[in-house]
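The structure under discussion appears below in the form of structure tokens.
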Amino acid sequence: MKLQDRTCVITGASRGIGRGIAEEMAGEGANVVINYRSSEEEARDTVETIRDTGGDAIASQADVTDYEAVGEMRDEVHDAFGPADILINNAGITKDTTFARMTPEEWQTVIDVNLNGTFNASKVFFEDIKASDQGRLINISSIVGKQGNFGQANYATAKSGIFGFTRTLALELAPSGSTVNSVAPGFTRTDMLDEVREDIQERILEEIPMGRFAEVEDISHVVKFLASEEASYITGEVIDVNGAMDL
């Protein structure tokens, strides 16, 4: 298997895109760390699913906005599997409202999880990724970071910031041979999309040339490729997976 014995840490991996990525990576032989903040039951279920199919995984609780907690997670990873080879920054939240109604707390909370959380995990695992002979850092952004979206000034800002972060770390890690890329999904069938009103979903669907929302597998397949040896010369890129919505 392509990722046999590689250690892969995925933040926010108890459900949705994160869980899909975790199962995909485990299917290629990686030792997977399922990070979660509060969804312990879902995280444990993900671990059991991976183990039932012959993979190896652990669940690790840490709030990515807490730098010290992320450091403790690194220690747990090292104890279980050794240094990380792959870090996938997936943890994210939304608190949607128009900018006129947005509170400082709603702004800061989204920035803290989506952007500062990406910094925290990347900083903590940076030396692991740099030292690995196949180091991979993959940041999950969003089409909203490229286009903006009504009622999502906080989310769009955080996801847009990930692009510059990705390109800068790609330059800094390039001499070591490790790569840094971002995947920017379009609207994907997850719990987050389920929370959007049906009439709004229909309007979004009309704007997607391929005529469907992304499935989790559409995202996880791309992440798997970027984590593989075949993608060793791709770095600093933003890979759009949005059904031509941004064209």
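The values are calculated or read from the model by the stated rules, or taken from the named source; none is laboratory data. Just so you know, these numbers come straight off a predicted model, no measurement behind them. Cβ: placed from backbone, ideal geometry, glycine included. Neighbour counts: every protein chain shown. All accessible areas refer to the heavy atoms of the entire protein, side chains included, with ligands and DNA or RNA removed. Shrake-Rupley method; radii C 1.70, N 1.55, O 1.52, S 1.80 Å.
What the table shows:
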quantity	calculated
Test: residue in the range 118-128 that is within 29 Å of A30 (Cβ to Cβ) and more than 17 Å from the chain's Cα centre (by Cα)	yes
Residue ID - least open to solvent (accessible area, probe 1.4 Å), chosen from residues in the range 193-210 that are within 22 Å of the chain's Cα centre (by Cα) and among the aliphatic types (A, V, I, L, M)	L193
Qualifying residues in the range 115-168 (those that are of a type in the set (S, T, N, Q) and under 21 Å from R189 (Cα atoms)) - the one most open to solvent (accessible area, probe 1.4 Å)	Q147
Output for the range 98-151, where each listed residue is assigned to a helix (DSSP H, G or I), under 26 Å from D246 (Cβ atoms) and of a type in the set (G, A, S)	G117, S122, G145
Where a residue in the range 21-38 is closer than 16 Å to F225 by Cβ and open to solvent by 20 Å² or more (accessible area, probe 1.4 Å) and its partner, wherever it lies, is modelled with pLDDT of 95 or more and polar (S, T, N, Q), with Cβ under 7 Å and at least six apart	E23/T49; E24/S220
Subset tally (residues that are farther than 14 Å from I21 by Cβ and in a helix (DSSP H, G or I)) for the range 48-63	3
Residue count, the range 217-228 (criterion: in contact with a Lys or Arg (Cβ under 7 Å, 6 or more places away or on another chain) and either open to solvent by 50 Å² or more (accessible area, probe 1.4 Å) or in a helix (DSSP H, G or I) (or both))	2
Tally of residues being of a type outside the set (G, A, S) and either open to solvent by less than 20 Å² (accessible area, probe 1.4 Å) or within 19 Å of S141 (Cβ to Cβ) (or both) across the range 39-69	5
